[in-house]
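No value in this document is a laboratory result; all are computed from the given coordinates. Note that this is a predicted model, so its numbers are computed, not measured. Backbone-built Cβ (ideal geometry, glycine too); neighbour counts: all protein chains shown.
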């Protein structure tokens, strides 16, 4: 499995939530998981975590939406576009590009 931290507001100028961390990983079968943890609080509680899973068959959709080519690694592309994706909301972004099989 390969994993990267895609977004930490203290690393990116203009971040909108100081307690948010988002990371992504790809397992040996090619399944992409985007996870996040917000320690700054949420209207429904003090902190929350989430995990979005994209099947290996839909990872090429993500790569293409990020401007990648076949063979490009999705984690590198996600890292390069993390700020915009997080600002929109990872689930909303995935749906907007046509990923249908997101599991939460």
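Computed values, structure above
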read-out: Cβ-Cβ FRET estimate between residue 95 and residue 29, R0 fixed at 30 Å, reported to 0.05; value: 0.85
read-out: Simple label model, 7 Å out from Cα along Cβ direction - residue 47 to residue 76, nm; value: 3.3 nm
